[in-house]
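To start, the structure under review is shown below, and the notes come after it.
The values are calculated or read from the model by the stated rules, or taken from the named source; none is laboratory data. All of these numbers come straight from a predicted model, not from anything done at the bench. Here the Cβ is made from the backbone with ideal geometry for all residues, glycine too, and neighbour counts use every protein chain on show.
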Amino acid sequence: MFNSLRCLLTITAALGWEIQTFDVTTAYLHSNLKDTIYVRAPQGASDMLRVLKLKKALYGLKQAGRCWWNHLRNVLKKVGFESNPEDQSTYTYNWADGKAILWVHVDYGVIVASNGELLSKLKRLLTLELMLKWEKEVNSIVGITIKKTDGGFELCQPALIRKLCSLNARNITASQPLPDMDLVSGKANAIDKEYLSWIGMLLYVA
């Protein structure tokens, strides 16, 4: 997914395309529910004995994420985008009025277009379907700090790097040689899980 984002920024810099980011306001509330679900009336309602039938997905429902994703795909298809079979977070637009690429992560997205007129058109069409907040400057995407340079974009994750450094501030001793342990039936120690967490964060930063 993030490889697609880097490719998107590379294409934008190489071809000089227009770029903007957007955030979907209360994304899950846009999508309709297929299942019949009832909830208790919220505290303070006039009749606390009644239950309410949901028409839209709510945050906390196990179906909410899938409902939102299907709704978003239908909206993008209606506007003219096609889903990339290699990466479901990336959508392409290729029509007579130009080309565009849209990358989305849950409720946050980036859209690039071959010309400003097309970008304005797509913004207008998407805003008719979704409640969106647009940002002209690309400063941060899902925790990744982005700085535009003359030759392209610089990506960094200072907050995660600081967190990683603070977690690993203590010294960790290692015995040599490694202690005897049955690698099949042995139980993982707490430090092993912590180590895996560090490796995961390092891979995410990389």
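Against the test of being in the same structural domain as GLY151 (by TED's automatic domain parsing), without any contact (Cβ under 8 Å) to a residue 40 or more places away in the chain and either within 25 Å of GLU129 (Cβ to Cβ) or not in a strand (DSSP E or B) (or both), the options THR10, THR92, THR21 yield a single qualifying residue, THR92. Of everything in the range 8-42 that is of a type in the set (D, E, K, R) and in contact with a strand residue (DSSP E or B) (Cβ under 9 Å, 6 or more places away or on another chain), the residue that is farthest from GLU137 (Cα to Cα) is ARG40. Restricting the range 34-73 to residues that are more than 18 Å from the chain's Cα centre (by Cα) and not in a loop (DSSP other than H, G, I, E, B), the residue that is farthest from ASP107 (Cα to Cα) is VAL51. Counting the residues of the range 65-94 that are of a type in the set (Phe, Trp, Tyr) and at pLDDT below 95 gives 2.
Does GLY151 count as touching a residue at least 12 places away in the same chain (Cβ under 8 Å), more than 19 Å from the chain's Cα centre (by Cα) and farther than 30 Å from VAL75 by Cα? Criteria met by GLY151.
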